[in-house]
Amino acid sequence: MVDQKYLAILKRGVGVWNTWRNEHPEVYLNLIRADLRGMDLQGANLEQASLEGAYLERADLRGANLKRADLRYGVNLRDANLERANLQGAELDDANMQGVKLQGADLSQTDLRRVKLQGADLSQTDLRGAYLHGARLIGANLERANLHGSDLCDSDLHEANLRQADLTGTKLRWANLYKADLEYADLSGAGLQGTSLREANLTGAKLREANLSQADLDRANLTGAWLNKAILKGASLRQAILCQAHLDQIQCRGTNFQGADLRGIPWLFIMELTLQPEVTLTETLWER
């Protein structure tokens, strides 16, 4: 349980707390299951604090230092404001972060396994190398977020906003990106095996050397997308829009392009598709 003497200092205000922290940097901060709901903790120094199971709903943590803090075991951050907060290396697995504001926050190398982030604002956040395996990000705003090298396997991102996000080298195996907005996102070198991208918006997206084996891209919009050297073995692109997409040197053995719109793609690349084994091109549209 929480150490009451630390909680009393914190409740005297951030100024008093930060001064005390500077004078006692060696102290182990036991704030386990602390009730901090709705508190003003802007700029608070909570580095390496033990906040397991804490109640932080609606707390104002803008610009707070939570670097390497322990926020595991069902900590409740619902509707909290963590804009520009430093959460680098923090542990947040299984946390409830629905409706959280994280714009401009540093979440690099953070453990966010199975975290609930439905509808959260993560625009322009630094999530490089973050572990988001099994996270629930339904409808979350990740516009221009940096997710380079992060792990999003088995995560639920359906209808999420990932416009212009950096997803280079990201692991997205078996993730759900149904109807996600990935316009102009960079997915170069990403692992998207078995991922659902059905009806996703991938207009102008970069998918160079991405692995899309067995991925579901039915009715996805890939207008002007860059798929150079991408692996599409066994993928389904039925009724997908691939107008003016860049398809040079793709691997598409067993890929289903039935009913896809291939207009604007040079005839030479269409012919290369027909030469690959077990490719389905029935009912496709192209300019003869």
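The values are calculated or read from the model by the stated rules, or taken from the named source; none is laboratory data. Bear in mind that the values here come from a model prediction, so they are computed numbers and not experimental data. Neighbour counts run over all protein chains shown; Cβ positions are idealised from the backbone, glycine included.
As for region 23-31, it holds no residue that is polar (S, T, N, Q), under 26 Å from the mean Cα position of the chain (by Cα), in a strand (DSSP E or B) and on the phi < 0 side of the Ramachandran plot. Is it the case, given these coordinates, that ARG144 is under 19 Å from LEU56 (Cβ atoms) and part of a loop (DSSP other than H, G, I, E, B)? Judged against the criteria, ARG144 is not a match. Is it the case that LYS11 is closer than 24 Å to ILE138 by Cβ and either charged (D, E, K, R) or at pLDDT 95 or above (or both)? So LYS11 does not fit the description; no.
Restricting attention to region 268-288, the residues being charged (D, E, K, R), within 17 Å of ARG253 (Cβ to Cβ) and in a loop (DSSP other than H, G, I, E, B) number 1. Of the residues ARG113, ARG58, the single one that is among the charged types (D, E, K, R), over 20 Å from the mean Cα position of the chain (by Cα) and part of a loop (DSSP other than H, G, I, E, B) is ARG58.
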